[in-house]
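The values are calculated or read from the model by the stated rules, or taken from the named source; none is laboratory data. Because the structure is predicted, anything quoted here is derived from the model rather than measured. Using ideal geometry, Cβ is built from the backbone for each residue, glycine included, and neighbour counts are taken over all protein chains shown. What goes into the accessible areas is simple: the full protein's heavy atoms, side chains included, and nothing from ligands, DNA or RNA. Shrake-Rupley method; radii C 1.70, N 1.55, O 1.52, S 1.80 Å.
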Amino acid sequence: MIFRRQLLGALGAAPIVLRCRAWAQDDSEVGASLNDDEPPLLSGNADFAGVWEPIGDGGIVAAGPPPEIPKKYVELYSDIILDNARKPGRLTADGTRRPFDSLVNQMALDNPNADLKPFKEMAAVNLCSAFWDAYLGTTDRADWRTSVTLLEYITYIAVFLNETGGSLSRGTEKFNVNTPTLQHPGICYFFDRLQPRGASWWKKSYNGPPNRKCSELFTDKIFNDAHAARALGRELQSTTDAVWSGDTYPKRDYPTSGRPDEMGYILAADFFKFRGRGLIQTTWRSNYKRLVQHIQTYNGDNELILKYKELWSPTNYTSDEVCSLSGDDDWNELFRDPLLEIPVAAVKLHAVDGKYLPLSNDHEIVNSSDKGSIIFLGDRLGGKGYGARLRRRVYYICEALGTDLDQWKL
């Protein structure tokens with residue numbers, strides 16, 4: 001048996017290439033038209049923003065009870081610590097030296113019950129390596145972990161693969177194509193409260209708490225000083241039109257395209273710029289405010305973050321003021337940083353606030369719904385009901401990896 005082995009987070013072998021479509025995000029800003037009639041959780045995806053709620057007593061029914069993670073995996077994988085992603089190498093299993101990503105892909109291909117999405121292509125494997133390089137790197141944050149157990153690593157991988165369609169894209173939450181015949185064309189998807197006809201679910205508007213409403217921002221000096229020169233700023237700054245306090249976008253009167261040259265002032269509002277980004281689709285002003293605080297107190301050497309630390313200096317602005325003056329383009333740049341420090345910070349901050357790590361090393365707790373379990377982690381991360389689907393995926397990755405683990409080879 002292997003105890004406290006120091007493993008690498010880097011994955012380095014070409015996977016089986018399978019094409020998958022992500023529900024929540026893409027590398028582009030605009031994806032195919034979304035299915036407004038079905039909450040993501042009903043199709044096995046996460047509701048990271050927590051915007052979909054059942055009407056009445058309805059709830060999410062998982063696709064059968066998830067299998068329990070066997071004791072042999074919980075004990076072994078909880079005792080294997082990943083704390084150094086700087087050495088080259090790869091994890092192999094079953095005495096075959098087949099790499100981790102290849103084993104996961106084979107399981108996804110051979111077993112539909114696994115409910116797994118494979119690594120999409122070599123670029124996804126490289127992004128995975130880069131993410132864990134940054135995650136396991138040194139930090140001056142006392143409450144930020146710089147190690148994970150193999151079981152926690154597998155759990156995160158199961159989330160990332162599923163929610164990005166296997167691409168590990170850091171993409172931004174998609175919105176509908178700008179087709180006038182759609183009920184919620186373009187950016188209306190974020191502004192509108194959705195309650196599809198005959199459906200037992202509704203989606204809340206992004207134009208409300210914990211975001212600030214457009215009506216508040218359009219009369220805010222900090223916001224207007226930063227954004228009034230953008231398209232439609234002259235027309236809308238200081239407006240008292242009640243429509244900007246509501247949850248139905250005025251699509252007959254204003255553009256819905258999401259193009260900055262047509263509607264840049266509107267796109268600077270919270271409902272749009274604080275939509276989902278990154279591997280866990282960070283959403284809402286409250287979560288972006290936490291990232292601002294991280295940037296304002298940053299002590300690393302990332303040039304991009306240092307640029308924003310200077311622009312958003314706490315000497316000049318509070319973190320809440322930065323949320324108002326920042327633009328959609330700022331957050332796109334930060335989340336697309338090749339060094340991945342902001343996407344990693346978003347994941348770590350969410351875990352700190354959600355208090356769902358560490359996973360327990362007791363197999364009974366891991367298989368419960370209590371704190372320390374995979375279900376608890378999944379529900380805190382992706383919405384109630386997501387944890388059961390997540391445990392199923394983790395089980396099948398464990399089955400693919402097995403217990404006959406070779407050491408990382410230099």
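Looking at (1) farther than 26 Å from residue 186 by Cβ; (2) open to solvent by less than 50 Å² (accessible area, probe 1.4 Å); (3) of a type in the set (Ser, Thr, Tyr); (4) over 26 Å from the mean Cα position of the chain (by Cα), which is the only condition residue 254 fails?
(1)
Out of 174, 204, I need the residue that is buried (at least 21 other Cβ atoms within 10 Å of the Cβ), within 21 Å of the chain's Cα centre (by Cα) and over 30 Å from residue 366 (Cα atoms). Which one?
The match here is 174.
Residue under question is residue 224, and the condition is that it be surrounded by 15 or more Cβ atoms within 10 Å (Cβ to Cβ) and without any contact (Cβ under 8 Å) to a residue 40 or more places away in the chain; does it hold?
Against the criterion (surrounded by 15 or more Cβ atoms within 10 Å (Cβ to Cβ) and without any contact (Cβ under 8 Å) to a residue 40 or more places away in the chain), residue 224 qualifies.
Which pairs have Cβ atoms under 6 Å, sit 6 or more apart or on different chains, and link a residue in the range 339-367 that is surrounded by 21 or more Cβ atoms within 10 Å (Cβ to Cβ) to one that is among the acidic types (Asp, Glu) and in a loop (DSSP other than H, G, I, E, B)?
Hits for this filter: 367/68.
All but one of (1) open to solvent by less than 10 Å² (accessible area, probe 1.4 Å); (2) within 30 Å of residue 125 (Cα to Cα) hold for residue 218; state the number of the condition that does not hold.
Checking residue 218 against (1) open to solvent by less than 10 Å² (accessible area, probe 1.4 Å); (2) within 30 Å of residue 125 (Cα to Cα), the one that fails is (2).
Can you work out which of the residues in the range 114-144 that are in contact with a Pro (Cβ under 9 Å, 6 or more places away or on another chain) and in a helix (DSSP H, G or I) is nearest to residue 165 (Cα to Cα)?
Across the range 114-144, the extreme among qualifying residues is 124.
Can you find, within the range 177-201, the residue that is surrounded by the most Cβ atoms within 10 Å (Cβ to Cβ) among those that are in a loop (DSSP other than H, G, I, E, B) and among the hydrophobic types (A, V, I, L, M, F, W, C)?
Per the criteria, the residue is 187.
Is it the case that residue 249 is buried (at least 22 other Cβ atoms within 10 Å of the Cβ) and either in a helix (DSSP H, G or I) or within 25 Å of the chain's Cα centre (by Cα) (or both)?
So residue 249 fails the test.
Being of a type in the set (Asp, Glu) and either under 16 Å from residue 192 (Cα atoms) or within 25 Å of the chain's Cα centre (by Cα) (or both) is the filter here, so list the residues in the range 257-288 that pass it.
270
Give the residue, chosen from 289, 273, that is surrounded by fewer than 20 Cβ atoms within 10 Å (Cβ to Cβ) and in contact with a Ser or Thr (Cβ under 9 Å, 6 or more places away or on another chain). Give the steps one after another, and end with the answer.
Details: 273 fails: surrounded by fewer than 20 Cβ atoms within 10 Å (Cβ to Cβ).
Criteria check complete, one pass: 289.
Residue check: is residue 115 open to solvent by 10 Å² or more (accessible area, probe 1.4 Å), in contact (Cβ under 8 Å) with a residue 12 or more places away in the chain and not polar (S, T, N, Q)? Please lay out each step first, then the result.
On the way: open to solvent by 10 Å² or more (accessible area, probe 1.4 Å): yes; in contact (Cβ under 8 Å) with a residue 12 or more places away in the chain: yes; not polar (S, T, N, Q): yes.
For residue 115, the condition - open to solvent by 10 Å² or more (accessible area, probe 1.4 Å), in contact (Cβ under 8 Å) with a residue 12 or more places away in the chain and not polar (S, T, N, Q) - is met.
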